[in-house]
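Novice: Structure incoming, see below.
The values are calculated or read from the model by the stated rules, or taken from the named source; none is laboratory data. All values derive from a computational prediction rather than experimental measurement. Heads up, the Cβs are rebuilt from the backbone with ideal geometry, glycines too, and the neighbour counts pull from every protein chain shown.
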Amino acid sequence: MDVLLSEAQIQERVRQLGRQIEADYLGRPLTIVAVLTGSLILLADLIRQIQLPLRVALHQASSYKGATTTAGPLAINEAFVPDVAGRDVLLLDDILDTGHTLATLVEHMAERGALSVKTAVLLRKIGRQVVHLEPDYCGFTIPDAFVVGYGLDFNDDFRHLPYVAVLDEDHTTGG
Ligand code: XMP
């Protein structure tokens, strides 16, 4: 697999995002809602770069099923919906692809009474977005390829890689 973003590049960018978020919220309490499971590594690294009164919650929504790289309908697990009423929420996801996941969750957080909802992603794929959503914080813009590592998986594998790599074609074709 070809490494697209090295561990050092990701760590540096996550530090910068942390600084930016701190400056924007200026000491106000923030609730980070991370979308399971792909954003877990980003969540762990990012929150340690943010010196703000901080709550962390998880949300589960997924459009990928197992060994496939094509999206199905978005499934939201209501059991994971956090209490965000009256809170400034930052939704955190691994990657912005079509935009369906984050756009749906932004609405969901607003419906639950969040005071404000912003979005942060590590990656944004070029030329894939079908839903209009401008992420407030974005780590890297990447080409349209299926990527794994740093939380992103293929068939639940590769999440633990400390870098982001482009998945080989023989994985997706079963070869
Ligand atoms: P949408 O299309 O809703 O998709 O913006 C966001 C979700 O799709 C998954 N996704 C990927 N997962 N490698 C992955 O491991 C990829 O290249 C990729 N592209 C999209 C991901 O779960 C994300 O939250």
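Novice: State all residues of the stretch 44-62 that are outside any strand (DSSP E or B), away from the ligand (no atom under 16 Å from the Cβ) and not small (G, A, S); if no residue qualifies, say none.
Specialist: Residues satisfying the conditions are D45, I47, R48, Q49, I50, Q51, L52, P53.
Novice: Having 3 or more residues that are closer than 26 Å to A165 by Cβ and out of contact with any helix residue (DSSP H, G or I) (no Cβ under 7 Å at 6 or more places or on another chain) is the bar; report the strands (runs of 3 or more DSSP E) wholly within the stretch 84-149 that clear it.
Specialist: Because the criterion is at least 3 residues that are closer than 26 Å to A165 by Cβ and out of contact with any helix residue (DSSP H, G or I) (no Cβ under 7 Å at 6 or more places or on another chain), the strands (runs of 3 or more DSSP E) in the stretch 84-149 that meet it are 116-125, 137-142.
Novice: So, of the residues in the stretch 113-129 that are farther than 19 Å from Q9 by Cα and at pLDDT 95 or above, which turns out to be nearest to the ligand (Cβ to nearest atom)?
Specialist: Selected residue: T119.
Novice: Okay, next question. Could you list, in sequence order, the residues of the stretch 72-111 that are more than 24 Å from L17 (Cα to Cα), of a type in the set (A, V, I, L, M) and more than 10 Å from the ligand (Cβ to nearest atom)?
Specialist: If the condition is that a residue be more than 24 Å from L17 (Cα to Cα), of a type in the set (A, V, I, L, M) and more than 10 Å from the ligand (Cβ to nearest atom), then A75, I76, A79, V81, A85 are the ones that fit.
Novice: Which of the residues that make up the stretch 1-42 are buried (at least 18 other Cβ atoms within 10 Å of the Cβ), of a type outside the set (S, T, N, Q) and under 15 Å from H160 (Cβ atoms)?
Specialist: Those that are buried (at least 18 other Cβ atoms within 10 Å of the Cβ), of a type outside the set (S, T, N, Q) and under 15 Å from H160 (Cβ atoms): I10, G38, I41, L42.
Novice: Looking at I21, I41, which is the one that is assigned to a helix (DSSP H, G or I), under 13 Å from the mean Cα position of the chain (by Cα) and modelled with pLDDT of 95 or more?
Specialist: I41
Novice: Hey, another quick one. Under 6 Å between Cβ atoms, at least 6 apart or on separate chains: pull out the pairs that start in the stretch 97-117 with a residue that is over 30 Å from V148 (Cβ atoms) and end on any residue that is within 15 Å of the ligand (Cβ to nearest atom).
Specialist: As it stands, the answer is none, since no pair meets every condition given.
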